[in-house]
Amino acid sequence: MREINGKNILVTGGAGFIGSHLVTHLVKKYDKCQIINFDKLTYAGNLNNLIGVEKFKNYKFINGDICEYDSIKSTFNKYNIDIVINLAAESHVDRSIEEPFAFAETNVIGTLKLLEAAKNIWNNDYTDKLFYHISTDEVFGSLDNDHDLFTELSHYDPSSSYSASKASSDHFVGAYYRTFDLPIVISNCSNNYGPYQYPEKLIPVIIDNALNNRSIPIYGDGSNVRDWLFVSDHISAMECILMNSPIGESYNIGGGDEMKNIDLVRTICDLMDEKVPSEKGKYNDLIAFVKDRPGHDYRYAIDSSKIKNKLGWEPEFSIKKALSITIDWYKDNQEW
């Protein structure tokens, strides 16, 4: 088991959706750790996600860009960083179709600059050091049937500029382990959801549009399948990896809750009919099928047996329970 209390942990992208959940968890649970949140505060980064911890003595926020090497280097030196958890990324597939250079810059070049900083500043003294890189199952491409699963040995076959940039960053992390012995671990997660997710992703779009009686757009015929992972379960999996994984390993993290997009939308609409019934009718009536996006992967599905068998992690939340929590949060925080 890796001892992290007393360590200085740099979390990049810590004001984003997953990052803010992780930072909050670490700050509150590990009071002897110094948690440094390094975030550029793009449209998806929001310090309001961290209102509960900004005054904790073991928390520090730095408004920084992982593509600016001098800023990373000075942060490493000033805070004597022991552990890096890299969550900083451009992550929305639709945006990557329109702005591929931004994805290559942040996800590839930014990760490379973090790796260089860790290598140069740690200077081969890797005792109690770790570079933990968080990635996506989308690097594996599309499963074109209804029974295969992505494993840690699945070949990379990205379909979008987003997944291609994340695949490249994964390869750079692995290369620094092989070439420089940099102490790394990697995890690839399935689709996350939960409170504080920026309302461009599917689940908050559904909830927000329903609450405002707007059309709920579904790509194609809604038959695309995703494996859904509640953000709290992702945080517990990351903590499990952080505390227990040997160096050089990779893990797939999935919620084990596969659903067609149309079935997900209908489930959310049914839950909202119970929680916030509309005078204008059923929320399912707002569903509208729209032109499919280019290169839309058919199915993602994760085999999480490695992290379960090797590290003992299991997801806690069923999708219906987690969707209920998520709907309640957006309903109660519409100003956010």
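The values are calculated or read from the model by the stated rules, or taken from the named source; none is laboratory data. Since the structure is predicted, the reported quantities are computational estimates derived from the model, not experimental observations. Heads up, the Cβs are rebuilt from the backbone with ideal geometry, glycines too, and the neighbour counts pull from every protein chain shown. With ligands, DNA and RNA removed, areas are computed over all heavy atoms of the protein, side chains included. Shrake-Rupley method; radii C 1.70, N 1.55, O 1.52, S 1.80 Å.
At a glance:
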| quantity | calculated |
| --- | --- |
| Candidates Glu138, Glu90, Glu105 - the one that is open to solvent by 20 Å² or more (accessible area, probe 1.4 Å) and either touching a Pro at 6+ places or on another chain (Cβ under 9 Å) or part of a strand (DSSP E or B) (or both) | Glu138 |
| Qualifying residue in the range 59-78 (condition: of a type outside the set (Phe, Trp, Tyr) and at positive phi) | no |
| From the options Ser160, Ser169, residue that is modelled with pLDDT of 95 or more, crowded, with 21+ Cβ neighbours inside 10 Å and either under 21 Å from the mean Cα position of the chain (by Cα) or not acidic (Asp, Glu) (or both) | Ser169 |
| Single unsatisfied condition, Lys321 versus (1) free of Cβ contacts under 8 Å to residues at least 24 places away in the same chain; (2) part of a loop (DSSP other than H, G, I, E, B) | (2) |
| Strands (runs of 3 or more DSSP E) lying entirely in the range 225-314 (those with 3 or more residues that are more than 16 Å from the chain's Cα centre (by Cα) and aliphatic (A, V, I, L, M)) | 287-290 |
| Test: residue in the range 186-200 that is more than 20 Å from the chain's Cα centre (by Cα) and either closer than 22 Å to Asn49 by Cβ or surrounded by 17 or more Cβ atoms within 10 Å (Cβ to Cβ) (or both) | no |
| Of all residues in the range 36-86 being among the aromatic types (Phe, Trp, Tyr) and under 13 Å from Leu114 (Cβ atoms), the one that is most open to solvent (accessible area, probe 1.4 Å) | Tyr69 |
| Hits in the range 144-157 (condition: in a loop (DSSP other than H, G, I, E, B), under 21 Å from Ile307 (Cα atoms) and either open to solvent by less than 50 Å² (accessible area, probe 1.4 Å) or of a type in the set (Phe, Trp, Tyr) (or both)) | Thr151, Glu152, Ser154, Tyr156 |
| Residues satisfying the stated conditions in the range 158-200, i.e. in a loop (DSSP other than H, G, I, E, B) and of a type in the set (D, E, K, R) | Asp181, Glu200 |
| Subset of the range 8-31 that is assigned to a helix (DSSP H, G or I) and hydroxyl-bearing (Ser, Thr, Tyr) - its residue that is most open to solvent (accessible area, probe 1.4 Å) | Thr24 |
| Counted residues, the range 299-324 - those being surrounded by 14 or more Cβ atoms within 10 Å (Cβ to Cβ) and either among the aromatic types (Phe, Trp, Tyr) or closer than 19 Å to Lys275 by Cα (or both) | 7 |
| Search result, residues across the range 52-62 that are at pLDDT 95 or above and either charged (D, E, K, R) or more than 27 Å from Pro199 (Cα to Cα) (or both) | Phe56, Lys57, Asn58, Lys60 |
| Some residue of the range 266-280 being in contact (Cβ under 8 Å) with a residue 24 or more places away in the chain, touching a His at 6+ places or on another chain (Cβ under 8 Å) and closer than 28 Å to Ser135 by Cα | no |
| Any chance Ile327 is β-branched (Val, Ile, Thr), surrounded by 13 or more Cβ atoms within 10 Å (Cβ to Cβ) and farther than 27 Å from Leu143 by Cβ | yes |
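Matching residues to (1) in contact with a strand residue (DSSP E or B) (Cβ under 6 Å, 6 or more places away or on another chain); (2) modelled with pLDDT of 95 or more; (3) closer than 16 Å to Lys166 by Cβ:
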position: Leu50; (1), (2), (3): no, yes, no
position: Gly64; (1), (2), (3): yes, yes, no
position: Cys67; (1), (2), (3): no, yes, yes
position: Ser71; (1), (2), (3): no, yes, no
position: Asn80; (1), (2), (3): yes, yes, no
position: Val93; (1), (2), (3): no, no, yes
position: Phe103; (1), (2), (3): no, no, yes
position: Leu115; (1), (2), (3): no, yes, yes
